[in-house]
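The values are calculated or read from the model by the stated rules, or taken from the named source; none is laboratory data. Please read these numbers as outputs of a predicted model, since none were measured by experiment. Here the Cβ positions follow ideal geometry from the backbone for every residue, glycine too, while neighbour counts run over all protein chains shown. Ligands, DNA and RNA are excluded from the accessible area calculation, which covers all protein heavy atoms including side chains. Shrake-Rupley method; radii C 1.70, N 1.55, O 1.52, S 1.80 Å.
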Amino acid sequence: MVATVALTGAACDEALSRVTGPTPNLTVSFASIQRDIFAAPDSSGRPGCVSCHSDALARFNGGLSLQSNPYTSLVGAAAVFKRGATRVIPGDPNGSYLIQKLEGRGGIVGARMPFGGPYLTDGQISVIRRWIELGAQNN
Ligand code: HEC
């Protein structure tokens, strides 16, 4: 029984690094999402979100800065372009405008993010989804 649990744990870690692809260090925590997705480019040629969503450029880019106060800019924060939408709703990835923009869903205002691509991989998005599902903690 102990061996089974240990194996399952190992299999989980392995699965996570397989899905995170061009951001191998990405884990389900806000600190990691900030460091590996928002602030940095990845090995697939995707620019960091902050190349547009910096403090200085935020007003040209949906009023969203992911530089100085990324957590408060997202969690419970109203979207600028889509009336009534909230960027991140803890526990509700589908309802979170951040996820809708990253997946390019119908009903978004403007473009799929990152603007002009390359877009995040399904694996990268699934890590952000999981973080929201687990309550979008500032961890
Ligand atoms: C090349 C510039 C550029 C990059 C890179 C970029 N964005 Fe954007 N973003 C924009 C622009 C311009 C807008 C406003 C127009 C729109 O919504 O299409 C925007 C809007 C948004 C919005 C909606 C803001 C609101 O409240 O209406 C979200 C959420 C967002 N971006 C998230 C991201 C994330 C997350 C990344 C990185 C994975 C990213 N963006 C990368 C240019 C960019």
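Assorted remarks:
- One residue stands out among those in region 77-98 that are polar (S, T, N, Q) and closer than 13 Å to ARG130 by Cα: the one that is most open to solvent (accessible area, probe 1.4 Å), which is ASN94.
- Among the residues of region 15-51, just one is at positive phi and either within 12 Å of the ligand (Cβ to nearest atom) or not in a loop (DSSP other than H, G, I, E, B) (or both), namely GLY45.
- Selection count where residues are open to solvent by less than 20 Å² (accessible area, probe 1.4 Å) and out of contact with any helix residue (DSSP H, G or I) (no Cβ under 7 Å at 6 or more places or on another chain), scope region 23-35: 1
- Hey, SER54 part of a loop (DSSP other than H, G, I, E, B), among the small types (Gly, Ala, Ser), in contact with a His (Cβ under 9 Å, 6 or more places away or on another chain) and within 12 Å of the ligand (Cβ to nearest atom) or not: no
- Residues (within 9 Å of the ligand (Cβ to nearest atom) and either at pLDDT below 95 or part of a loop (DSSP other than H, G, I, E, B) (or both)) located in region 61-95: ASN61, GLY62, GLY63, LEU64, LEU66, ALA77, ALA79, VAL80, PHE81, LYS82, ALA85, ARG87
- Pairs with Cβ under 6 Å, 6+ apart, first in region 71-85 and under 15 Å from ASP55 (Cα atoms), second more than 8 Å from the ligand (Cβ to nearest atom): TYR71/ASN138; SER73/SER65; LEU74/VAL88
- Enumeration of residues in region 123-139 that are more than 9 Å from the ligand (Cβ to nearest atom) and open to solvent by less than 70 Å² (accessible area, probe 1.4 Å): GLY123, ILE125, SER126, VAL127, ARG129, TRP131, ILE132, GLY135, ALA136
- Of all residues in region 48-73, those that are out of contact with any Phe, Trp or Tyr (no Cβ under 7 Å at 6 or more places or on another chain) and open to solvent by 50 Å² or more (accessible area, probe 1.4 Å) total 10.
- Of all residues in region 110-122 being within 6 Å of the ligand (Cβ to nearest atom) and without any contact (Cβ under 8 Å) to a residue 40 or more places away in the chain, the one that is least open to solvent (accessible area, probe 1.4 Å): ALA111
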